[in-house]
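Asker: Below is one structure. I have some questions about it.
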Amino acid sequence: MRKSSVYDCNVIPLSKVHNRAGNITIVEGENNVPFQVKRIYYLYDIPSGEVRGGHAHKILYQLVIATSGSFDVQLDDGVNKRIVRLNRPDFGLLIVPGIWRELFEFSSGSVCLVLASTKYDEADYIRDYSEYQLYKGKLL
Ligand code: TYD
C-alpha cells in the first residue's frame, strides 16, 4: 500500500441498537470492517494538548473509534492531508496501510478504541517522516 491515499480512508457507520436502556454498537470483523480483527487496544487518560500517532504502518489496517469524547485524526499520504474529527461511538475511521497519522485535540475523558488487522509488530511501523517519504517514493 505504498501508493495508498488519504481518500482510501473512510468514516464507516457502525450498527447501533437503541432502546430506552441505552445503545449498543457491534463491530464484526470482515462484516462491518474489511479486515479480520486480530488486536484491540485503546487510548485513555490522554493529557490535554497531547499528540498521539506520528507514524505509518506498512500492512496494518485499523478502525479507530471515539467510544467516548472526541479527537481529531490527521491523515497524510505524503501528498494530501485530511483531518477527520471523530466524536461518535457509532462511527469508525478506517485507516488503510501506508498512511501517516496523528491524533490530537483529545477531549477530557475521551477514549480512542482501535481495532487492528494484525498483532503488534514494531517492524510494521515507520516512525520517521523522511523514511516515510522515501517509502512513498516521494524523495526517490
Ligand atoms: P504507539 O503505537 O506508538 O502509540 P500511539 O500511536 O498511540 O502514540 O505505541 C506506544 C507504545 O506502546 C510503544 O512503545 C509500543 C507499545 N504498544 C504495544 O506494545 N502493543 C501495541 O499493540 C501497541 C498499539 C503499542
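Quick note: the coordinates plus some simple rules give every number you see, no bench work behind them. Please read these numbers as outputs of a predicted model, since none were measured by experiment. Here the Cβ positions follow ideal geometry from the backbone for every residue, glycine too, while neighbour counts run over all protein chains shown.
Asker: Would you please name the residue that is farthest from the ligand (Cβ to nearest atom), looking only at residues in the range 102-129 that are aromatic (Phe, Trp, Tyr) and more than 19 Å from Asp90 (Cα to Cα)?
Answerer: If we take residues in the range 102-129 being aromatic (Phe, Trp, Tyr) and more than 19 Å from Asp90 (Cα to Cα), then Tyr129 is farthest from the ligand (Cβ to nearest atom).
Asker: Going through Pro97, Pro89 one at a time, which residue ends up being assigned to a loop (DSSP other than H, G, I, E, B), within 14 Å of Arg2 (Cα to Cα) and in contact with a strand residue (DSSP E or B) (Cβ under 6 Å, 6 or more places away or on another chain)?
Answerer: Every option except Pro97 fails the conditions.
Asker: Show the residue pairs that are 6+ apart or on different chains and have beta-carbon atoms under 8 Å apart, the first residue being within the range 96-118 and on the phi < 0 side of the Ramachandran plot and of a type in the set (Phe, Trp, Tyr), the second being within 11 Å of the ligand (Cβ to nearest atom) and assigned to a loop (DSSP other than H, G, I, E, B).
Answerer: Phe104/Glu50; Phe104/Val51; Phe106/Ile46; Phe106/Glu50
Asker: For residues that are more than 16 Å from the ligand (Cβ to nearest atom) and either exposed (fewer than 15 other Cβ atoms within 10 Å of the Cβ) or aromatic (Phe, Trp, Tyr) (or both), tally how many sit in the range 78-101.
Answerer: Of the residues in the range 78-101, 8 are more than 16 Å from the ligand (Cβ to nearest atom) and either exposed (fewer than 15 other Cβ atoms within 10 Å of the Cβ) or aromatic (Phe, Trp, Tyr) (or both).
Asker: Any idea which residue in the range 26-45 is surrounded by the fewest Cβ atoms within 10 Å (Cβ to Cβ), counting only those that are among the β-branched types (Val, Ile, Thr) and within 13 Å of the chain's Cα centre (by Cα)?
Answerer: Ile40
Asker: Applying the selection to the range 1-28, what residues are within 20 Å of Tyr129 (Cβ to Cβ), not in a loop (DSSP other than H, G, I, E, B) and not charged (D, E, K, R)?
Answerer: The one that is within 20 Å of Tyr129 (Cβ to Cβ), not in a loop (DSSP other than H, G, I, E, B) and not charged (D, E, K, R): Val6.
Asker: Would you pick out the residues in the range 9-25 that are among the hydrophobic types (A, V, I, L, M, F, W, C) and surrounded by 14 or more Cβ atoms within 10 Å (Cβ to Cβ)?
Answerer: Cys9, Val11, Ile12, Leu14
Asker: Please count how many residues of the range 29-45 are in a loop (DSSP other than H, G, I, E, B) and within 9 Å of the ligand (Cβ to nearest atom).
Answerer: The total comes to 0.
Asker: Given (1) more than 11 Å from the ligand (Cβ to nearest atom); (2) at negative phi; (3) in a loop (DSSP other than H, G, I, E, B); (4) of a type outside the set (D, E, K, R), identify the lone condition not met by Thr67.
Answerer: (3)
Asker: Counting only residues that are within 16 Å of Lys119 (Cα to Cα) and of a type in the set (S, T, N, Q), how many does the range 36-81 have?
Answerer: 2
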